[in-house]
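A.B. asks: Structure incoming, see below.
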Amino acid sequence: MRDATPGVVAVEEVAGQWLLEALDLPSSSAVGFVTGCTTANLAGLAAARDALLAARGWDVATQGIQGAPRLRALVGAERHGSVDLALRYLGLGAPTPVAADAQGRMDPDALRAALGQDDAPTVVCAQAGNIHSGGFDPFAPICAAAHDAGAWVHVDGAFGLWAAASPALRHLVVGLADADSWATDAHKTLSTPYDSGVAVVRDAGALRRAFGHSADYLLHSQEPDPHELVPEMSRRARGVPVWAALRSLGRSGLVDLVDRLVRSSRGLAMGLAEVPGLTVLNDVVYTQVTVAAVDDETTLAVLARLHEDGLVYPSASRWHDRAVMRFSVSGYATDDVAVAQTIRTVWEAVEAVTLGEG
Ligand SMILES: Cc1ncc(COP(=O)(O)O)c(C=O)c1O
């Protein structure tokens, strides 16, 4: 609370400002420190829901959600499941998927068509960083189409929002700052300890209206208390590790961190592409590398062998109807040695399985 712990509030507010600067987001946005990106999605989408319904004369704070005007959520076909969870927690039900391309990026023409089909208040959920391809939705045409239709754009950028910090990756995030709210994790790309998610909302008042409250025992300043911007009243000072990470990295250190993760991913992809029988399935534009063996059975056998061994632990997933191994490079300490060791370990596992030793 601003009155009781002004030092911590100041540190968190500096962290929030640095984060907005580093990610090139509007400087007057509200920043809420939450547990993770699921809750950051929840916070951004709560602000969206309440603002869109307020514009239709419906006050969620006093009237609740039952009987409210129908609100529609349009999401990319390959959004992360946490977006569905956040919408569910907010009483909005299942979203309507919009077609995505081969890298899982939302098709802006399909979005424009979907927006034109219905005049219900709408939130569009875009994505910075597909978990399989690392692909980024085309934010500029998405925001243009959504805003033409009066819709709110929320971006889930759990690990991908950090691409905005790197000049070399700016082409991936063109139009990102045109959105209305953003969700990310500091415990992924920034490598702070868990739990550390961040919700950013352009209309600072909208976030405070969604989570603010008044109680006689809380002293009130003009400026919102940090707890008025997030679902929890009491929490640890999550903004402090974010401050510490940004303070110790500095702007160039942050750029270097992000670029290093991308370089490691490219090195990993190049090495894995050399493994006989393995195919890299995605265009490696960021930190995700998704590979598969010749068939699902072999991929699953390689995964089982790797998981049993435990040295390298890619996640088992399905993408485009195939069993896949997913590598997400997000640890700050990942270096060329780790990349080489990963390639060698996967190579040996593939060899063992295909030569019948698995
Ligand atoms: C794209 C994306 N969005 C949201 C989430 C949810 O984040 P968290 O687990 O921090 O709640 C994740 C990962 O877990 C993710 O990769």
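A.B. asks: For residue 309 and residue 259 in the same chain, what is the full-extension length gain: residue separation times 0.36 nm, less their Cα-Cα distance, in nm?
C.D. replies: Full extension of this stretch gives 15.0 nm more.
A.B. asks: Along the charge dipole of the stretch 235-314, which of 281, 258, 248 sits closest to the positive end, that is, farthest toward it, with unit charges on the beta carbon of Lys, Arg, Asp and Glu (+1, +1, -1, -1)?
C.D. replies: Highest projection toward the positive end goes to 248.
A.B. asks: Kindly report the accessible area of the chain per residue (heavy atoms of protein chains, probe 1.4 Å, no ligands, DNA or RNA), in Å². Kindly include the intermediate steps, with their values, before the conclusion.
C.D. replies: Details: 15410 Å² over 358 residues.
I get 43 Å² per residue for the chain.
A.B. asks: State the extension gain, in nm to one decimal, for the chain segment bounded by residue 222 and residue 113, taking 0.36 nm per residue of separation less the distance between their alpha-carbons.
C.D. replies: Computed gain between residue 222 and residue 113 is 35.0 nm.
A.B. asks: Continuing with the same structure: Under the classification rounded if a/c is under 1.5, otherwise prolate if a/b is larger than b/c and oblate if not, where does the stretch 1-155 fall, given a ≥ b ≥ c as square roots of the Cα gyration tensor eigenvalues?
C.D. replies: It comes out oblate by the Cα gyration axes.
A.B. asks: Using a 10 Å cut-off on Cβ atoms, rank the peptides 202-210, 37-45 from the highest mean neighbour count down.
C.D. replies: So the peptides 202-210, 37-45, ranked by packing, come out 37-45, 202-210.
A.B. asks: Counting only protein heavy atoms, what percent of the accessible surface of the stretch 203-313 is carbon or sulfur at a 1.4 Å probe?
C.D. replies: With neighbouring chains kept in place, the figure for the stretch 203-313 is 53 percent.
A.B. asks: Please report, in debye to the nearest 20, how large the charge dipole of the chain is about its Cα centre when each Lys and Arg carries +1 at its beta carbon and each Asp and Glu carries -1 there.
C.D. replies: Dipole size: approximately 440 debye.
A.B. asks: Tell me, what is the percent relative contact order of the stretch 251-354, built from C-alpha pairs under 8 Å that lie six or more residues apart?
C.D. replies: 30 percent
A.B. asks: Shifting gears a bit: Under the rule of -39500 (n - 2.57) per DSSP H run of 4 or more residues, summed and divided by the residues of the chain, what mean residue ellipticity at 222 nm is obtained, to the nearest 500 deg cm²/dmol?
C.D. replies: Rounded to the nearest 500, it is -13000 deg cm²/dmol.
A.B. asks: Once you sort the root eigenvalues of the Cα gyration tensor of the stretch 145-274 as a ≥ b ≥ c, which label holds: rounded (a/c under 1.5), prolate (a/b larger than b/c) or oblate (the other case)?
C.D. replies: oblate
A.B. asks: Show me 133-144, 331-342, 49-60, 22-33 ranked by packing, highest mean number of other Cβ atoms within 10 Å first.
C.D. replies: 133-144, 22-33, 49-60, 331-342
A.B. asks: Here is a further query. Using alpha-carbon positions, what is the distance between the centroids of the stretch 310-358 and the stretch 224-258, in Å?
C.D. replies: For the stretch 310-358 versus the stretch 224-258, the Cα centre distance is 32 Å.
A.B. asks: From the C-alpha coordinates alone, can you work out the Kirkwood hydrodynamic radius of the chain, in Å?
C.D. replies: One decimal place: 21.3 Å for the Kirkwood radius.
A.B. asks: Just to be sure I understand the rule: take each whole DSSP H helix in the chain, project its Cα atoms onto its long axis, keep it if the span is 15 Å or more and its mean Kyte-Doolittle hydropathy is at least -1.0. Which ones pass?
C.D. replies: Values: long enough: 6-22 (24 Å, 0.74); 37-55 (27 Å, 0.99); 239-273 (40 Å, 0.56); 296-309 (20 Å, -0.28); 336-354 (27 Å, 0.59).
Qualifying helices, which must be both long enough and hydrophobic enough, are 6-22, 37-55, 239-273, 296-309, 336-354.
A.B. asks: Work out the FRET efficiency for residue 335 and residue 296 from their Cβ-Cβ distance, taking R0 = 30 Å, and round it to the nearest 0.05. Present the calculation step by step, with values, prior to reporting the outcome.
C.D. replies: Values: r = 32 Å, r/R0 = 1.07.
FRET efficiency, residue 335 to residue 296: 0.40.
A.B. asks: Once a ≥ b ≥ c are taken as the square roots of the eigenvalues of the Cα gyration tensor of the stretch 251-354, is the result rounded (a/c under 1.5), prolate (a/b larger than b/c) or oblate (a/b not larger than b/c)?
C.D. replies: prolate
The values are calculated or read from the model by the stated rules, or taken from the named source; none is laboratory data. Just so it is clear, the structure is predicted and the values come from calculations on it, not from any experiment. FYI the Cβ positions are ideal-geometry reconstructions off the backbone, even for glycines, and counts take in every protein chain you see. Ligands, DNA and RNA are stripped out before the accessible areas are found, and what is left, the full protein with its side chains, is counted by its heavy atoms. Shrake-Rupley method; radii C 1.70, N 1.55, O 1.52, S 1.80 Å.
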